[in-house]
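The values are calculated or read from the model by the stated rules, or taken from the named source; none is laboratory data. Note that the coordinates shown come from a computational prediction; the quantities given were computed from them, not determined experimentally. Virtual Cβ from ideal backbone geometry, glycine too; neighbours counted across all protein chains shown. These area figures cover heavy atoms from the full protein model, side chains too; ligands, DNA and RNA do not enter into them. Shrake-Rupley method; radii C 1.70, N 1.55, O 1.52, S 1.80 Å.
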Amino acid sequence: MKRLRKAVIPAAGIGTRLLPATKSVPKEMLPVGRKPTIQYIIEEICAAGIEQILIITSQHKRTIEDHFDLDQLVNDEKLLEHLGDVRLFYTRQSNPKGLADAIGKAEHFVGDEPFVVCLGDAIIQSQSPGSVLRRLIEAFTIKRASATILFQRVDQQSVSRYGIAQPKSRGDTSTAPAFEIQDLIEKPSIQEAPSNLAVTARYVFTPELFDYIRQTPPGRGGEIQITDSIRLMLQAGHSVWGVQLGEGEKRYDIGNYLSYFEAFFRFSLADEEFGQDFRQYAEQMLRD
Ligand code: G1P
C-alpha cells in the first residue's frame, strides 16, 4: 500500500449556522484563542507526517489563502516550524452541492494515492499532536480498509446532527483499536439511528472513493453527502472501519455557536501567556 502523504480540507461551506459572524469571515478563520480554527487543523495534519494539503475553498474564502501566505508569516515562527516542508494547495468548489461534491474536487490532486480528509470546522484535541489522525491512518493500513472514519459517542438527542454508524458487531467499540462498519446513515432521527456513534470530521480513503462520489445522488438537504458515498462503497463490498475518540481526546465543532464558545473558552484557558489570568477572571466572573 502507498504511503499516506496527502490530506484534503473541505472548507467551502457557507457557515449559515454562525451568522452574522460568518457574513464576511469564513468560519474556518474564526479565531479559537489566538489562532484561526483552520490553523489547528493544518498543525494536526503536519504532526501526523503528511506532506501535501489541498484546501477546498469557495466564494468569500480568500482570507484562508492570505493567512498561510509567507508574507504574513514573518512574525509567525511557530507556524513556519509546524509547516516545515509541507506544501499547501488550493482549489474551489464554485457551486455548493454538498460535502461529497467538495471532496470530489480533490480527485486530480489525490491521483492514485490514499488520502486523509479533515473537515475544516472541527478541531481535534489530543494529548500528543496528530495522534488521533495517526491512529486512523494506522487502522486504515492494518485493516487494508477502503476507508476509516473517526467516531465519537454523542447523546441520543444529538444523533440527528451527524452521520451515524451501525457497527458490524455489538461489542464495545471503545476498547478495540478499530471496529468494522456495517452501515452509515446521515443525520437520522432518534428512532432511525442504529447507534450513537457519530462521524467526527476525520476520514481516510482510497482514491476509489471518487467513483462512488460520482454515483451519489443528492441526499439529506438536497446535498451530495459523503456519508452516502461511503454507504455505496459498503454496498459494493468494500471494508470500512471506525476508530473512536478515546480518553483525553475531544472534538470541538466550530460549526455552531455553543460548541464554538466552548472551544474558545477552553483554548483561552490553556493559553501559555494569559491562561492563568483568564482562569482567575472566569472564576471571579462566575462567582459574581
Ligand atoms: C458533516 C457530515 C456528518 C458528520 C459531521 C461532523 O456534517 O456530513 O456525517 O457527522 O460533518 O463531522 P455537517 O456538520 O457538515 O452538517
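Data table
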item	result
Dipole axis of the chain (+1 Lys, Arg; -1 Asp, Glu on Cβ), positive-most option in L4, T63, T216	T216
Chymotrypsin sites (Phe, Trp or Tyr not before Pro) within the range 191-278, DSSP loop, no more than 15 other Cβ atoms inside 10 Å	F274
Antiparallel bridge percentage (DSSP; both residues within the chain; nearest 5)	55 percent
Under 17 Å from K23, Cα to Cα: aspartates and glutamates that are on another chain or at least 8 residues apart	D121
Where GluC sites (Glu not before Pro) fall in DSSP loop in the range 206-288, at most 15 other Cβ within 10 Å	E208, E247, E272, E273
Protein accessible area in the range 12-153, 1.4 Å probe - carbon and sulfur %	48 percent
GNM flexibility winner over the chain from L209, L269, L245 (Cα, springs under 10 Å)	L269
Cα-centre dipole for the chain with unit charges at Cβ (Lys and Arg positive, Asp and Glu negative), debye to 20	760 debye
Within a Gaussian network of the chain (alpha carbon springs, distance under 10 Å), most fluctuating of L99, L258, L133	L258
Environment charge of D271, counting only residues whose C-beta is closer than 11 Å and scoring Lys/Arg +1, Asp/Glu -1	+1
Derived scalar couplings ³J(HN,Hα) [the range 58-64; Karplus, 6.51 cos²θ - 1.76 cosθ + 1.60; whole Hz; x for Gly, Pro]	7, 4, 6, 10, 5, 5, 5
Length-normalised contact order of the chain in % [C-alpha pairs under 8 Å, at least 6 apart]	23 percent
Highest to lowest packing among 51-62, 35-46, scored as the average C-beta count within 10 Å	35-46, 51-62
Spatially proximal lysines relative to K6 (Cα-Cα < 20 Å; intrachain offsets below 8 disregarded)	K105, K143
Surface accessible to a 1.4 Å probe, per residue, for the residues of the chain, Å²	51 Å²
Prolate/oblate/rounded call for the range 138-288, Cα gyration tensor, a/c under 1.5 rounded	prolate
Computed helical MRE - 222 nm, the chain, DSSP H runs ≥ 4 contributing -39500 (n - 2.57), nearest 500	-8500 deg cm²/dmol
D (Stokes-Einstein, µm²/s), Kirkwood Cα radius, the range 106-152, 0.692 mPa s at 37 °C	270 µm²/s
Computed over the chain, Cα set: Rg, Dmax in Å	18.6, 60
